[in-house]
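Okay, so here's the structure we're looking at.
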Amino acid sequence: MKHMHLITNTTLMFCLLCELWISQPCMPRNFLSEGNVAAEDNEFSVRIEFGSRESVISAIKSYTISRGVDYTMYESKPHTFYPKCKEYGAGCDWLIRVSLIQKKGYWEIMRYNGKRMCTIETISQDHAKLDSDTIVDAIRSLVEADPSIKAKSIIVEVQSRFNYIVNYCKVWLANQKYVSKVFADWKIFYQTLPVWLKAMTAKMPISRSEEVNGVKVLHCVFRSFYLCITIFRHCKPLVQIDGTHIYKKYKGALLVAVAQDENQNIVPIAFATVESKTAGAWEFLLTIDGLGIISECHNSIDVAITHSTGTWSPPRVWHMFCIRHIESNFLRRFNTPYLHQLVNRSTTKTTKCLKSGVRHILDGAMRSVLRDGCWHFTGVIVGGMRNLPVTAIVWSIFYRLNKLFTRKSVETHEHVCNGFTYSEFAIKRIKENFRRAGNIIVNRFDRRNEMFEVCDEMRDGSIYTVNLVQRHYDCGHFQVEQLPCRHVLA
């Protein structure tokens, strides 16, 4: 059995094992690359040579797409490619005949009738020759950079390159073709995972990769990153865990643990690739102490926490269910709107089993997390990776996190350079609390100890105690956000 553990710095970027992913054949210099023509006016000419039949078809497709015209196949044989304009004989004489020179091993234009004199009469946002095979060549660099790239990003790239808006089906099919082409041999990509991790360790001295000795069978892979661990020290004392299934040839599950910082940003903490979402797999991921855990209502998670022999039990750790998952599962089982509203009201009530102090901290933070949309973190972070082999998943997560932290670093630097001391969320929340503090009644009890009693009559009439010296406030908002609440400002 083989376990791997990785801790690395995500601020450095590098390309590893690219040669194993894509290998392009080298062609002689007098051959044309796909989509190019020889003349200065981007026209074909007789005696132009191509390295393969695919490059001939790609070049002719690119030619017709760029000019907004179309062609029909007059003759197509293993050694001959002979298309004509769709308007051939009705005002346009464009045709091209390309044949294979078997002795020399390349394709050559044997006949070509000049420039096209026609255009497509009907204006369309799509082109018949802009098929999935043509799109595959256009998205090669995008998929190499991010194998989990979304279809909408590919549509934008195709539009900027060809000036056509293709439909989702073409883009999805093109992406699947390229991924299948790149990841054709899944066994190789399982075998290259240790090599990839060792190369990462050698590239960055701060990283560490550990293998458990034994039979070389990939059972589970746990990975975290240096910045994720560092940032987590400044996050709320809550961890959300979820899992998603991996499809294609070798099935499994991808487990994710995330937190939320005080600026309401989702912070990934750790990832684990396991055989399935079993109790042992969740126990393999749950290795952090002294936190509150929010998860879906999955039996394997309950079993993993039960087998912790008290380590994951209150008051050391508080396990809570995600309200969004509860509502979603209930609505899927009972498709009745008014019942869904009742479930929503009941799940938002404060859990009575929590003690007062812990209840304010954990329940308040949980409401904050759910209110700001952290419940769908799995789809945001690992979306589009479920059809990739394990090495590609590790690679995609690494670069996706690097992109996230780089963008946040730039945003924070610009925020500080503009003269702001506090984050945007803190400024917005303090302004809101100042506005709401005007409707609160304050009774002073002990001026020397700065002890007050506040009554929020405009909200629900609740009465809270505020101790400014000890920084203890019954409402619990300060403990959650570490910002002055409306009761303190009043």
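The single condition among (1) of a type outside the set (Lys, Arg); (2) at pLDDT 70 or above; (3) over 30 Å from residue 427 (Cβ atoms) that residue 308 does not satisfy is (2). Among the residues of the stretch 79-115, those identified as aromatic (Phe, Trp, Tyr) and in contact with a Lys or Arg (Cβ under 9 Å, 6 or more places away or on another chain) are 81, 82, 94, 107, 112.
Among all positions in the stretch 332-351, there is no residue which is modelled with pLDDT under 65, surrounded by 15 or more Cβ atoms within 10 Å (Cβ to Cβ), in contact with a Gly (Cβ under 8 Å, 6 or more places away or on another chain) and assigned by TED's automatic domain parsing to the domain that holds residue 271. Can you find even one residue in the stretch 234-256 that is among the polar types (S, T, N, Q), modelled with pLDDT of 75 or more and not in a strand (DSSP E or B)? Within the stretch 234-256, not a single residue is among the polar types (S, T, N, Q), modelled with pLDDT of 75 or more and not in a strand (DSSP E or B).
The values are calculated or read from the model by the stated rules, or taken from the named source; none is laboratory data. Quick caveat, the model's predicted, so the values are computed rather than measured. Virtual Cβ from ideal backbone geometry, glycine too; neighbours counted across all protein chains shown.
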